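The structure under discussion appears below in the form of structure tokens.
Laboratory data are not the source of any read-out in this text; all were calculated from the coordinates shown. If you're wondering where the values come from, they're calculated on a predicted model, not measured in any experiment. With ideal geometry, Cβ positions are generated from the backbone for all residues, glycine too; neighbour counts draw on all protein chains shown.
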Amino acid sequence: MARVKISANQKSFVLTASDRAFIPWGFNYDHDENGRLMEDYWQREWAKVEEDFREMKQLGANVVRVHLQLGKFMTSEEQPNRQALRRLARLLRLSERLGLYLDITGLGCYHKKDVPAWYETLSEERRWAVPARFWQAIARQCKDSPAIFCYDLMNEPVVPGGGDQRQDWLGPPFAGKHFVQFVTLDIRGRKRSDVAQQWISRTGPRDSTGGQTLPHYRRARAVEFGSTGVEFGICAGRNRRRIGFYQRASLSRQNEGEGSDRNFAWFFGGQTGAD
């Protein structure tokens with residue numbers, strides 16, 4: 001299975017060695033027909049996961065977007081869940097056998113009942129440190145697999161608007177799931193774009209000293225979208241030197257003023273990993 005990389009002209013994706021164009025096309029695999037998230041059944045019903053992935057392959061997909069829940073992959077503020085990481089490794093092997101690439105979306109808190117109590121009570125500074133540990137563990141597990149297409153830091157993160165302090169980190173539910181998360185409860189006079197960039201800079205995995213983000217972990221940047229939904233596409237930076245993949249950017253902006261909530265999409269594109 002060839003890895004996917006950014007093309008020489010920085011405008012598209014190609015396969016390594018052959019430089020053949022790669023056009024991502026696939027499915028959003030976030031819950032089953034009963035509303036269960038993947039981690040709710042992938043331990044006892046692995047055959048179901050395999051059947052679903054084979055069916056997606058038969059339908060012509062080359063990319064599958066999966067959603068990893070923070071509460072399932074972190075047992076504490078600092079400790080990742082080793083059993084969940086082993087199951088993720090099995091998913092990587094399945095994807096490699098079938099020739100399916102993965103868009104791994106992380107930090108999910110879709111079912112409020114599964115959000116750890118310790119995570120809800122953390123200060124902003126300590127809460128921002130948890131995603132870095134989450135992604136450090138995920139990147140270490142996935143770094144050698146050619147099946148990784150990209151990482152999506154979080155599904156629909158939001159920087160709140162207005163002057164009032166929020167009481168809940170999660171946005172309102174949709175069909176029983178909280179797909180939107182706020183990255184701060186109080187912007188404390190900061191520009192929302194600055195808050196977004198600060199969150200990004202602290203979310204990527206760090207080196208063993210806790211210092212700089214690992215160099216081969218591509219830098220993400222905040223991208224603000226209008227209300228148009230896009231199923232698949234390419235998001236390029238202003239200087240066109242960084243390309244990120246997004247699968248669904250149906251992100252809302254109520255108005256142009258500073259009083260509204262804003263959604264940002266954050267991506268890691270291409271080959272990433274951790275030592």
Hz values of 3J(HN,Hα) by residue in the stretch 48-65 - Karplus curve (6.51, -1.76, 1.60), Gly and Pro given as x:
5, 4, 4, 4, 4, 5, 5, 5, 5, 5, 5, 7, x, 6, 10, 9, 10, 8
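Going by the alpha-carbon gyration tensor, a ≥ b ≥ c the square roots of its eigenvalues, is the stretch 25-160 rounded (a/c under 1.5) or, if a/c is not under 1.5, prolate (a/b greater than b/c) versus oblate?
Prolate, because a/c is 1.5 or more and a/b exceeds b/c.
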The stretch 69-86 - phi-based ³J(HN,Hα) in whole Hz, Karplus 6.51/-1.76/1.60, Gly and Pro as x:
8, 4, x, 8, 10, 10, 8, 7, 4, 10, 10, x, 7, 5, 5, 5, 5, 5
Taking 0.36 nm per residue of sequence separation and subtracting the Cα-Cα distance, how much length would be gained by fully extending the chain between Lys191 and Leu59, in nm to one decimal?
43.1 nm
Cα-derived Rg to Rh of the stretch 1-45, Kirkwood definition:
1.25
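For Glu124 and Arg93, calculate 0.36 nm times their separation in residues minus their Cα-Cα distance, and state this gained length in nm to one decimal.
Details: separation 31, 0.36 × 31 = 11.16 nm, distance 3.61 nm.
Full extension of this stretch gives 7.6 nm more.
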Using r as the Cβ-Cβ distance of Glu50 and Arg86, and R0 as 25 Å, what FRET efficiency do you calculate, to the nearest 0.05?
0.95
Test of understanding: what is the full-extension gain from Ala117 to Phe182, defined as 0.36 nm times their sequence separation minus their Cα-Cα distance?
21.7 nm
Report, by chain and number, residues whose modeled amide H sits under 5 Å from the one on Met74, excluding near sequence neighbours (fewer than 5 apart, same chain).
Asn81
